[in-house]
Amino acid sequence: MKDLLRQRVAVQDSIIKKLNNQVKLEAQASAAYLAMAAWCDQNAYDHSAKFFYEQSSEEREHMMKLFHYISDMGGIAVSPAVAGSQSEFSSLKEVFETALENEINVTESINQIVSDCRKNNDFATENFMQWFVKEQVEEEFVIRRILDYFEMLGEDPKSLLMIDERVGGVSYGE
Ligand SMILES: [Fe+2]
Ligand SMILES: [Fe+2]
């Protein structure tokens, strides 16, 4: 019993390490979306710019959610170093394709953490991570739907304006 009380970290080291890696991925996503927002702004895709500014804020919230969980469990949350983000794109479609690619990588990382939690009987962290599992389903849905518009409407200037206008209106489960 004494040993248990002395153990100050409620989640094992290997999981804390993976959660800190996820903190970094969310921070990178936040930075990547900010760069995408700037590109959209520069190219007069106002709705897409707004979309990516909001995504950037959401990714920071995801990061903080993980950060606080690590701390609350007695682990050391590491403020991540974020490398430069891609700021040049050849088209609006490429911006959304890059965003989807990033989200798929994030989803894979989250699934891996859930899988590790199961292997280690860490049900608390698994439960905590379920929120992220659901969030990824929504985020991937929205970006895939926007990419559908490029297929349906094409990429001439008028179509691009129409697509941009629809960007803010896509929502999951409605
Ligand atoms: Fe996220
Ligand atoms: Fe995301």
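Below is a table of values for the structure above.
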item: Rounded accessible area per residue of segment 87-148, 1.4 Å, Å²; result: 50 Å²
item: Karplus-derived 3J(HN,Hα), 6.51/-1.76/1.60, for each residue of segment 75-87, Hz, glycine and proline x; result: x, 9, 7, 9, 5, x, 7, 10, 6, x, 9, 5, 10
item: Percent breakdown of C-alpha pair distances by 5 Å bin, ordered from the shortest bin, for segment 95-174; result: 3, 14, 20, 17, 14, 11, 8, 6, 4, 2, 1
item: The chain, accessible surface, carbon-and-sulfur percent (1.4 angstrom probe); result: 51 percent
item: Point-charge dipole on Cβ atoms (K/R +1, D/E -1) for the chain, about Cα centre, debye to 20; result: 980 debye
item: FRET efficiency, 1/(1 + (r/R0)^6) with R0 22 Å, evaluated for Asn21 and Ser79 via beta carbons; result: 0.95
item: Lysine pairs with alpha-carbon atoms under 17 Å apart, the chain, spacing 8 or more or separate chains; result: 8
item: Three semi-axes of the equivalent ellipsoid, the chain, Cα gyration tensor, whole Å, largest first; result: 37, 16, 11
item: Modelled label reach - Glu61, point 7 Å along Cα→Cβ, segment 81-104 residues with backbone N closer than 19 Å; result: 103
item: Residue-level accessible surface for Lys50, protein heavy atoms, 1.4 Å, Å²; result: 120 Å²
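The values are calculated or read from the model by the stated rules, or taken from the named source; none is laboratory data. All of these numbers come straight from a predicted model, not from anything done at the bench. Here Cβ is always computed from backbone atoms with ideal geometry, including for glycine, and neighbour counts include all displayed protein chains. Ligands, DNA and RNA are excluded from the accessible area calculation, which covers all protein heavy atoms including side chains. Shrake-Rupley method; radii C 1.70, N 1.55, O 1.52, S 1.80 Å.
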